Structure formats: structure tokens, C-alpha cells
Amino acid sequence: MEILDPNTFQSSGKVVDIREAWREGSWIGTFNLWIAQEIEGRRFLLYQQRAHDASWAPSCLDVAAGGHYEVGESLYDGLREAKEELGKTYQQKDVCFLGRKLYLSDRNGYKIRNVVDVCIVRDDSPLTAFELQEEELAGLFRCPIDELIRVHTEEGYAFVSEGLLVHQGIHQQATVTVTRDSFPYNWDSYHQKMTHLANRFLDGETHLFY
């Protein structure tokens, strides 16, 4: 894992095992890819359901694809995560880079410090066009953006989202009840902000910034 200089968040040239980075509280680079859809006039964000045995936020709904950069990788190299986790290949020209955010969490004796590159792409494919990596995620769900906004702004609001679960290589249709507690905690209201950025992205805005 490549350590980032905490003064610039650029590569420091130092490479360590990821658990050492966590123990030391070193900053590392990560990639997030949001997938937006507009189908028959309704807008959606795709959410992966994290694996039930994940070490962090098991079973929660999270960004469609994401992970840590390997040594030597930079921004658009992170698109391999979509290929690995969702079986999808996206071209750099179709992806909108929104900026960077910081994620910090102290848990289980580790100090997690991530600099997250945030990107979004439009893909109106049916869910059956995605090939889910069972080792990393339990399912993929299509969440209407208007319903997501209500979840984040109306206390106690919930809705049912349709999607797919994967088990022993078999994809099955499923539903999940979505509440404000369905998402991993982020200090900066990450998931709520992304609903509004996704709407602007689908409106055709090109100068977007997280």
C-alpha cells in the first residue's frame, strides 16, 4: 500500500502492508465509483450491499464500486474495481471526477485514514447485466434518488428497493428496506450529498465538485 504525504495527500514514495498503514494511522488513497441511472423518467443510484461478513459495515448499502489503489495506480486505474466487483468496464471519457474527500475512523485498534477519489458514471443497464463478485458484496440495489433524498431528510422515513443478491454464484431478485441507518456512517453526510450531485450529473452539468 502506497502511503500519502499528510501535508499534500500526494504519494510519499513509501510502501507498506495495509494493516501497518492502519496501525500507524497513515493516509492511503481509495477510489469510489457511483453509478447513476435514468429509466423511464425516474432517476436512481446503484448501491452495493456489502458482504455480510465484511470487516467494516457488513450488509450496509454503499457506493456501487470502490477500493484501495494498488502501488503505482492513480485516479482512473480505480475503474478496475468496477470490473472486479460488478463485471463492468467503463471508459475514462464517460466518468466524471467529482473531487476528493477524507474518511477517518478508529476501530478495532486501527486508525483508518483514507483520501477518497469520488467519481460518477451513467449506466442505464438492467441489473441483470452486472456480474457481482460474491467475495466483496452480497447484492446490488437500485435506489430511486427522490426516495433517497427523503430518507436523508425525513426522520423515520423508509422505502423498499429492488435489486439482486448473489449466493454461491447465483443471482436472485430481492428487495431491501432502506432507512437512514442502511448506509455506513460518514462524518460529511457523504451519501446525502451524492443524491444531489447525481441529480445535477443527470441534468447534464459538467462542472461538478464534491
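Laboratory data are not the source of any read-out in this text; all were calculated from the coordinates shown. In this text, all values refer to a predicted model and were calculated from it rather than measured experimentally. Cβ placement follows ideal geometry from the backbone for every residue including glycine, while neighbour counts extend to all protein chains displayed.
For the chain, the longest principal axis of the alpha carbon atoms and the long axis of helix 190-202 meet at an angle near 60°. Extending 7 Å from Cα along the Cβ direction at TYR157 and again at SER74 yields two label points whose distance is 4.1 nm.
Each Lys and Arg Cβ is given +1 and each Asp and Glu Cβ -1; about its Cα centre, the chain then shows a dipole of about 380 debye.
Most fluctuating residue of GLY163, GLY41, GLY87 in a GNM of the chain with Cα springs under 10 Å: which is it? Checking each option, the largest mean-square fluctuation is seen for GLY41. Of the GluC sites (Glu not before Pro) in segment 38-125, the ones in a loop by DSSP (not H, G, I, E or B) with at most 12 other beta carbons within 10 Å are GLU40, GLU70.
Restricting to Cα atoms and excluding each atom paired with itself, what does the Kirkwood estimate give for segment 157-210 in Å? Working shown, then result.
Values: mean 1/r = 0.0725 Å⁻¹.
Computed over segment 157-210, the radius equals 13.8 Å.
Would you work out if segment 119-210 is rounded, prolate or oblate? Take a ≥ b ≥ c from the square roots of the eigenvalues of the alpha-carbon gyration tensor; rounded if a/c is under 1.5, else prolate when a/b is larger than b/c, oblate otherwise.
Since a/c reaches 1.5 but b/c is at least a/b, the shape of segment 119-210 is classed as oblate.
Between PHE141, PHE159, PHE97, the residue with the greatest mean-square fluctuation in the GNM of the chain (Cα pairs under 10 Å linked by springs) is PHE159.
Rounded to the nearest 500, the helix-only mean residue ellipticity at 222 nm of the chain stands at -5000 deg cm²/dmol, with each DSSP H run of n ≥ 4 adding -39,500 (n - 2.57). For segment 119-210, the set of GluC sites (Glu not before Pro) satisfying both a DSSP loop assignment and a count of at most 11 other C-beta atoms within 10 Å is given as GLU135, GLU154, GLU155, GLU205. In segment 51-210, the alpha-carbon atoms span a convex hull of 131 Å³ per residue.
So if I place +1 on the C-beta of Lys and Arg and -1 on the C-beta of Asp and Glu, and nothing else carries charge, what would the dipole magnitude of segment 93-177 be about its Cα centre? I want it in debye, nearest 20. Before the final figure, lay out the partial values.
Numbers: 9 positive and 14 negative charges, 97 e Å.
The calculated dipole for segment 93-177 is roughly 460 debye.
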